[in-house]
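What follows is a single structure, written as structure tokens, with notes after it.
The values are calculated or read from the model by the stated rules, or taken from the named source; none is laboratory data. Source: prediction; values computed, not measured. A quick note on method: Cβ atoms are made from the backbone with ideal geometry, for glycine too, and the neighbour counts reach across all protein chains shown. These area figures cover heavy atoms from the full protein model, side chains too; ligands, DNA and RNA do not enter into them. Shrake-Rupley method; radii C 1.70, N 1.55, O 1.52, S 1.80 Å.
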Amino acid sequence: MFCGRCGNPLQTGNSFCNVCGLTIPAAQASAANAGSVEHWQEIFAEPKTDNKAIASLVFGCFFFLLPSALLAIILGHLSLSEIRKSAGRMKGRGQAVAGLVLGYLGISVIPILFVAIVVTVLPAIRSNRAYPNAHVQTGTREPYAISSIRAINTSEIGFQIAHPEIGYSCKLDELVGPDAMYGWRDPELANGQKDGYVFVIRNCQSGKPSGPKTKYQITAVPINKQLGLRAFCSDESGNLRYDASGSGEKCQKNGPPL
């Protein structure tokens, strides 16, 4: 009598195979010894696929997640060990190996993905900390800068009327300082910085020598150009222009009207 699975010779009355461990009930062993083909075929059992091998493959498909990659590796090794010890009673080695490959792939790829994420996200986090609510600032600071330029233009007109012998002023403190009397007072704006902008009055020119100043230029340039704020400018005409790159000089030269 021989084992129907591994072919190992069996002694009469053996209840299991000494090599593969296949259980052979006494009645079937007797029938097999008696030459019953039908009962002999019942002794042979089709190997079953190890559930751990299937689970390893499933978790391996999600190798991009660290827990899944680890589970795929652990279950894959356990499955291969049990399949090896089963002496043919269990199968699924291919699924276990595939799960192991995907699991180790995930373990090797996840650190790379982590570094890539850190390199990409960390500068953005630092930028947000340095300039909180940047998108809000972009939408709210520009109108304030425009209002400040208009206020300075109004004060220039008041100053010119009050001092016809001087004309326009090139000093912010005279126009919007705490002691100004020409339509607008704003001590913060008088210092040259407000709402994330630097305000400068320059190019005050007279129409004739020793005459009153009849021209001036004013620019509002963002302190931090990384926020994407525009620069604004104006002159004695009162017309406002802007430059999308945040340059005051480009605004004065060829900035489009606001």
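The table for this structure:
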quantity: First in region 82-101 and assigned to a loop (DSSP other than H, G, I, E, B), second anywhere and surrounded by fewer than 21 Cβ atoms within 10 Å (Cβ to Cβ) and polar (S, T, N, Q), Cβ under 6 Å, 6 or more apart; calculated: Gly92/Thr49
quantity: Residue tally, condition out of contact with any Ser or Thr (no Cβ under 7 Å at 6 or more places or on another chain) and under 17 Å from Leu189 (Cα atoms), over region 212-223; calculated: 5
quantity: In region 199-231, residue farthest from Pro143 (Cα to Cα) [restricted to those that are open to solvent by less than 50 Å² (accessible area, probe 1.4 Å) and among the β-branched types (Val, Ile, Thr)]; calculated: Ile201
quantity: Residue match in region 183-204 (condition: within 24 Å of Lys253 (Cβ to Cβ) and part of a helix (DSSP H, G or I)); calculated: no
quantity: Condition met for Arg141 (modelled with pLDDT of 80 or more, part of a helix (DSSP H, G or I), open to solvent by 80 Å² or more (accessible area, probe 1.4 Å) and of a type outside the set (Ser, Thr, Tyr)); calculated: no
quantity: Conditions (1) modelled with pLDDT of 90 or more; (2) of a type in the set (D, E, K, R); (3) open to solvent by 10 Å² or more (accessible area, probe 1.4 Å); number of the one not met by Glu156; calculated: (3)
quantity: Considering residues of region 238-248 that are within 21 Å of Leu189 (Cβ to Cβ) and exposed (fewer than 13 other Cβ atoms within 10 Å of the Cβ) only, the residue farthest from the chain's Cα centre (by Cα); calculated: Gly238
